[in-house]
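Reviewing the structure listed below.
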Amino acid sequence: MNAAIVKARKFYRNANISRKLFIAFSLLIAIPAIAVSFLFIRLQEAQLYKEAMASGSSHVSRLNEQLRSKMTIIENVSSTALTQKAFVDYIHSDMLGDGLELVKFRQNQFEQMRHIIQSNEMISQLSFYVDNPNLFEIWPEIYHYDKFWPQDYWVSLRENSGAAYRLFSFKDGDHTLSYYRLVRLQGQQKRPSIMEIRVEHDKFFNQLLEENGGDFFSVVMDGSDSARNVYNSGHAFSRSAGEELPAIFGLIHEKLDVLQQDSPIKVKAGGHTYYALYRYIAPLDAYVVDIASRDALLKGPRSWYAWVTAIASCVLLLMLLLVSQVTRRIFRRMDRMLISMRKVRRGQLDAKLETGLADGEKGDEIDEMAVSYNNMLDEIQQLMTQVVDKQLIAKNAQLHSLHSQINSHFLYNALEAIRMQAEVERQSAIADALVSLGSLMRYSMKWRSDTVTLGEELANIQSYIQFINFMEGGSFVLTANLPQEVLRCAIPKMCMQPIVENAVQHAAPSGGGVHIQIQVKAENDRGLFIEIHDDGVGIAPEQLAVLQEALQDDADGPIVASKNGLGIENVHKRLQLHYGKDCGLWIDSEIGVYTNVTIRLPWENDNLGGW
């Protein structure tokens, strides 16, 4: 599921805007319209189903009434036949004894009985089966009981009030319905006489068999066997069901219930759904059933699905064409902007867009984008001009720097000439001072890189102390006994010089000197600590508090050079900018005793660098 969502998002992200608009229109208009249409169709289906069930129920009730009416006719014919007492008495008498009586019977009673039979076209045959050894079988209406099968059927008739129907008669049962009735038991008869009235199925079920169309397919099923049934094989339902018809009958027969005759039956067979409505005909022990396919009942609304889909597809196509035409005009201008951007990427900063706007016109959003784009190109050209100017200024500064280097070389040569003259005149103090001054100038003016070794920084500080001792005649002492491996560590240039300079200028008492000690401690988990300690006058508590507060300030304000050049606060800020808040300076002092400045740097030599 997640993979499908990711693919859908990727497809939408990479689709062009016209396609996105089409999808949006589809979601907002077409899909709700289709959903509403399908809901309407479902409501129509429900209504159509309800009407179909009502129509089917009415139809099966009408068939039930028609069949019961025909059964009433058969029973009336039976009763009329039994009212012919002379006919019944004679067939139970000795018909072989008197030929003249037989002739009279043929001309009178038999003709009356035949008239009763022929007066009703539905009756195909009326027969009597009599247990009479003196019976004369010369007419098809009169048979000896031995011709009836099964012989003991009279017992079932007696238990069933003397009369019964069979949906399929014992003789010619595949096409004939029979009505059996006990006549009477007389004289020496062992078995009672039985009257059988037979009716052809095509006459008894003529209304049912004549129907070959419509949504409902009518069938009469035997109450105990679904395979014994009567239906019109030419009906459209029968032809469409084909070999599935017995299975459909079987599934429906399993759900037939005398107590639930008003409830439709729903079965599924062969991938189709069928509905059945039925009525139980007790005398026949059979069910008259109306069957309809769901597809046939709902073929109207089902065809609407195709129409709705077709209409929706046409609407979507029209929307696509409309969106395409509208967006094509919009994106044509955006394409020109993309082409211009590609030209700008290749360096053509003059690839501006033609908006076609008159003075005072604002245009639409795309026109506003085009105007902003043109203004941006103008600003880019101005900025590039400024960058070029700055580069020229930097080049000029480099040239001036070269001139300064040339001038500094002249100054170094002059200092060297004076030092040589002092050596010649045996002024060693002046010569040493000139050497120290030259070293200081070279160190401060020569910036090959932002970092130097601790040994180089220390040598510069020693030159500074020697020159100060010559200038002021003071007794400034510098002690720095450091291990060789520490002297090779790289530290930012001029990070120790301002601190030593402050000690010289502010820590020494008037007319006196000061002893400056430099120590280095390296801790792998904490860093590199350089301590610069002097035994001077110290710092007043108020001034020390202000200075410590300034060093603890985390504000990233601009660094301003102090009156002494790179002051302590500036050194602290620069160290924190490059090495983080954990590095920098810390000052501790006691008035009249000492001042101690600690420089904390990262111990990893690769992380050390200048500013």
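Of note:
- Residues that are of a type outside the set (Lys, Arg), at pLDDT 85 or above and surrounded by fewer than 18 Cβ atoms within 10 Å (Cβ to Cβ), drawn from the stretch 521-532: PHE529, GLU531
- Subset of the stretch 72-93 (residues that are surrounded by fewer than 18 Cβ atoms within 10 Å (Cβ to Cβ) and in a helix (DSSP H, G or I)): THR72, ILE73, GLU75, ASN76, SER79, THR80, LEU82, LYS85, ALA86, ASP89
- Unique residue being loosely packed, with under 11 Cβ neighbours inside 10 Å and at pLDDT 75 or above when the list is ALA3, ALA52, ALA46: ALA3
- Residue, surrounded by the fewest Cβ atoms within 10 Å (Cβ to Cβ), within the stretch 139-169, restricted to residues that are among the aliphatic types (A, V, I, L, M) and within 15 Å of ARG181 (Cβ to Cβ): VAL155
- When ILE499, ILE516 are screened for being outside any helix (DSSP H, G or I), modelled with pLDDT of 80 or more and closer than 30 Å to ALA540 by Cβ, only ILE516 passes.
- Considering residues of the stretch 282-297 that are out of contact with any Leu (no Cβ under 6 Å at 6 or more places or on another chain) and either of a type in the set (A, V, I, L, M, F, W, C) or in a strand (DSSP E or B) (or both) only, the residue farthest from ALA54 (Cα to Cα): ALA282
- With respect to (1) in contact with a strand residue (DSSP E or B) (Cβ under 7 Å, 6 or more places away or on another chain); (2) hydroxyl-bearing (Ser, Thr, Tyr); (3) closer than 28 Å to ILE74 by Cα, the lone exception for SER226 is condition (1).
- Any hit, the stretch 310-328, residues being farther than 23 Å from LYS20 by Cβ and of a type outside the set (Val, Ile, Thr): yes
- Single condition LEU245 does not satisfy, out of (1) in contact with a strand residue (DSSP E or B) (Cβ under 6 Å, 6 or more places away or on another chain); (2) crowded, with 19+ Cβ neighbours inside 10 Å: (1)
- For the stretch 337-389, the candidate set comprises residues that are outside any helix (DSSP H, G or I) and among the polar types (S, T, N, Q); within that set, the residue that is farthest from THR327 (Cα to Cα) is GLN348.
- Contacts under 6 angstrom Cβ, first residue in the stretch 573-592 being in a strand (DSSP E or B), partner among the hydroxyl-bearing types (Ser, Thr, Tyr), 6 or more apart: TRP586/THR598; SER589/THR595
- Within the stretch 444-472, the set of residues being assigned to a helix (DSSP H, G or I) and at pLDDT below 65 comprises SER444, MET445.
Residue-wise test of (1) assigned by TED's automatic domain parsing to the domain that holds LYS493; (2) at pLDDT below 70; (3) over 21 Å from VAL504 (Cα atoms); (4) among the charged types (D, E, K, R).
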site	(1), (2), (3), (4)
ALA550	yes, no, yes, no
ASP554	yes, yes, yes, yes
VAL560	yes, yes, yes, no
GLU569	yes, no, no, yes
LYS581	yes, no, yes, yes
TRP586	yes, no, no, no
VAL597	yes, no, no, no
ARG600	yes, no, yes, yes
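- Of LEU321, LEU284, all but one fail to be among the hydrophobic types (A, V, I, L, M, F, W, C) and surrounded by fewer than 16 Cβ atoms within 10 Å (Cβ to Cβ); the exception is LEU321.
The values are calculated or read from the model by the stated rules, or taken from the named source; none is laboratory data. The model shown is predicted, which means the values in this text are computed figures rather than measured ones. Positions of Cβ are generated from backbone atoms using ideal geometry, with glycine treated the same way; all protein chains shown enter the neighbour counts.
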